[in-house]
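Here's the structure we're looking at; comments come further down.
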């Protein structure tokens, strides 16, 4: 079976003028995604998330390594017919309506009847049926992101690369877009999205790729990363040096419990003479997974 998206040993370096040191944006990225899988690339600003998606889309060429979309290099026509890319920042021609933007994107797809069908399907996929005559540049941010999504999915694309699609969206619109992505994945599409803020994506993603300064620090199923528990401790006064295994937060401390009990962890706090006001145990989040990968030293 052909793998929808595959990267092996991919490296991308940006050279800079005036003798300045080059920037290694992506270093030795290796992973593959299956049909129907939703994966999320998370990392701090500047970690290389957008560069990774652009390499997968064929918008950038790697300096080393191999990128394959449906078994083909992404710049070849067969791969380009499979992949759709939605950039982070909406930018549309000022004179075009929502429908006209999609008609322009569909201009190379078959005859007029086929193009009309593709545009209608893209409007339905993105929930834009009531906005077809609205100037694209006048859309609110949530609708503009849905239009980017419609562009990327137009023509039944099987590999969708979506750069930070939830930026600027409220909880309702995040949930709506998540549901739309899940429906496409349920129909067999492969989705790779990026996010600088993974809060709330636990219910959406199957796989998490954590980037740290251009290198894949973690690649694991979401169920593995989110399988643990975290103890949050609120203190009456800021701690000095935290006890072993704890990290300092805005309100006190927190620690991954692993196989330890909350009672044992709280006893360690008391042994360090910390004034515990309250505590709670919660499930790990993608935020925790990102923190774990970016701060790998034992805590």
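Nothing in this text is a laboratory measurement; each read-out follows from the coordinates by a stated rule. This one's a predicted model, so the numbers in the text were calculated from it and none came from an experiment. Reconstructed Cβ throughout: ideal geometry from the backbone, glycine too, with neighbour counts over all protein chains shown.
Taken residue by residue, segment 17-30 has at least one member that is surrounded by fewer than 14 Cβ atoms within 10 Å (Cβ to Cβ), in contact with a strand residue (DSSP E or B) (Cβ under 6 Å, 6 or more places away or on another chain) and more than 18 Å from residue 149 (Cβ to Cβ). For residue 179, are the conditions met, namely being outside any helix (DSSP H, G or I), out of contact with any strand residue (DSSP E or B) (no Cβ under 7 Å at 6 or more places or on another chain) and surrounded by fewer than 19 Cβ atoms within 10 Å (Cβ to Cβ)? When the stated conditions are applied, residue 179 does not pass them.
Each row is one residue, and each column tells you yes or no for (1) out of contact with any strand residue (DSSP E or B) (no Cβ under 7 Å at 6 or more places or on another chain); (2) within 23 Å of residue 135 (Cα to Cα); (3) surrounded by 20 or more Cβ atoms within 10 Å (Cβ to Cβ).
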{"position": "53", "(1), (2), (3)": "no, no, yes"}
{"position": "61", "(1), (2), (3)": "yes, no, no"}
{"position": "82", "(1), (2), (3)": "no, no, yes"}
{"position": "91", "(1), (2), (3)": "yes, yes, no"}
{"position": "100", "(1), (2), (3)": "yes, yes, no"}
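Out of 216, 161, 231, 201, one residue alone is over 30 Å from residue 111 (Cβ atoms), within 11 Å of the chain's Cα centre (by Cα) and surrounded by 15 or more Cβ atoms within 10 Å (Cβ to Cβ). It is 201.
Quick one: which residue in 168, 133, 156 is surrounded by fewer than 20 Cβ atoms within 10 Å (Cβ to Cβ), part of a loop (DSSP other than H, G, I, E, B) and touching a strand residue (DSSP E or B) at 6+ places or on another chain (Cβ under 7 Å)?
So the residue among 168, 133, 156 that is surrounded by fewer than 20 Cβ atoms within 10 Å (Cβ to Cβ), part of a loop (DSSP other than H, G, I, E, B) and touching a strand residue (DSSP E or B) at 6+ places or on another chain (Cβ under 7 Å) is 133.
Here residue 173 meets the list (1) in contact with a helix residue (DSSP H, G or I) (Cβ under 6 Å, 6 or more places away or on another chain); (2) without any contact (Cβ under 8 Å) to a residue 60 or more places away in the chain; (3) outside any helix (DSSP H, G or I) almost entirely, failing just condition (3). Tell me whether segment 147-163 contains one or more residues that are over 25 Å from residue 78 (Cα atoms) and in contact (Cβ under 8 Å) with a residue 40 or more places away in the chain. No, that holds for no residue.
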